[in-house]
Every structure is written in structure tokens, then in C-alpha cells.
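**Student:** Would you mind keeping the following structure in view while I ask a few things?
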Amino acid sequence: MLRFAILITLFATCALPTLAQDADRISKMLTESTAAFKGNNYFLGVGKVQQACGMMRANPSAAPDCNYVDVAASCLDAVKQNITTLQAKGDTKGVAQRVQALQPLLQSLMEWDRNNPRWHYEKGNLFCAESMAYNNVGFTMQAVMEYKQALRIDNGGAYRENCQRQLEICQKAVAQGWDNARAWDRAHPVHYSAPSINSPTVYKQSCPLCGHTHGYNEACWH
């Protein structure tokens, strides 16, 4: 998070001369985001950065020497580094939480910087991390779509080679997933029975990949 903290300090330095109300609000949001990250509240931390960057975009005079895309990207990089650390520790819950916290910020980056393939590439990588955390290939299918979108933007730009490599890996994983699903169906034929009126309601959903009904964070093909 060091680089991100440096950017926040830079913002505070360059925003003070403006004496603008928006500058004060932005500075406060970034300070609150730093406190949230220190408290491991990544949803709040990333959300504050997203809000602050949105205000920088709406009112460039509030931070004339700061680029909202750079600030958002720095936050993204810092959280990604933390995700890598948690993956090494096997903390799948922490990985999933941080991935979900980053999704809205990445969506904003794709809207703010539409012709940059990096953001679709990064979102594809997050879906892959989420797929590993939940052991659910459904997220890998979403990663495939993001990598394809990145490649459609000026042929992927500087990310073309990495996107193509990741796309091929994910497509193979999805194909294997369908093979696993079909094998599961063959080994477990469906038996229909009337539901009990006394049975409690369980909120589950039909998985688009394995075709079975299970909880959102449950693995496919039990």
C-alpha cells in the first residue's frame, strides 16, 4: 500500500492551494480510505477511493495536478498485491472479499478509460482469482469474456500476449469443467420427488456451468 499512500500525500499537497470545498472532501475521502485499509475493511477503502476519483473526474480544478485514473490504478495495484499475499497463505475467504471489493472500481475504470484494454485484462484476472477461491469454473467463464473484450480493443495493445495466454488457459479450464459436469450427470441420474411442505426454504441458484443448484460460494460438481 506504500505507493498508494504516497499518492494520497501528493494529492493533499497539491490540493491545498485551491482552497476548494471539493478538494477538502476528496482529501477526507482518501484519508478515510487509508484508515479503512489499515483496518482490513477493503470494501470501504476501495469505495472511498472510487468516490474520490469520481469527484476528481467531475471537478478537475479540485486536484489539477492529480490524475484520477492514476490514483484508482494505484489503489488497484495495492489491493492486487495484497491478494497475491493472501493466495500464498491459502486465505481464500480474504481473496474473495478483496476481489469483490475491487470489482466496482474496475467497472469505473472501464467507463473512464474505455480504450484501455488493461482494465478488462485486470477484471479477467480477478475472475480467475475468484474462481480459484470458490472452486467454481463459472467465474472462469466470465474471465474468458473479459479477455476477449480486452483483445478487441486495438488488438489488446500491450496486453495482447498476456491476454491470449490467459484466454487459452481459461478456455481449457471451462472445457474441462463441462466434461466434469457431464461425467457428474452420468454418475448421478436425477430422481424427482415432491418437495416437503415442511422443508425450510434454501436460497440457492442454478449454476450456468454445471447445471446443478447450489449456493453461490459452493463448489460445482460435489
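**Student:** Would you mind ranking C66, C75 by Cβ crowding within 10 Å, fewest neighbours first?
**Tutor:** Least crowded to most crowded, the residues run C66, C75.
**Student:** Could you list, in their original order, any pairs among K89/K172; K38/K148; K48/K89 whose Cα atoms are separated by more than 29 Å?
**Tutor:** Checking Cα-Cα distances, K38/K148 exceed 29 Å.
**Student:** Of the listed peptides 122-135, 158-171, 98-111, what is their order by residue-averaged count of other C-beta atoms within 10 Å, with the highest listed first?
**Tutor:** By packing density, highest mean first, the sequence is 122-135, 98-111, 158-171.
**Student:** Order these by the 10 Å Cβ neighbour count, fewest first: V144, V95.
**Tutor:** Starting with the residue having the fewest Cβ neighbours, the order is V144, V95.
Bear in mind that the values in this text are calculations on the coordinates, not laboratory data. This structure is a prediction, so every number in the text was calculated from the model and none was measured. Virtual Cβ from ideal backbone geometry, glycine too; neighbours counted across all protein chains shown.
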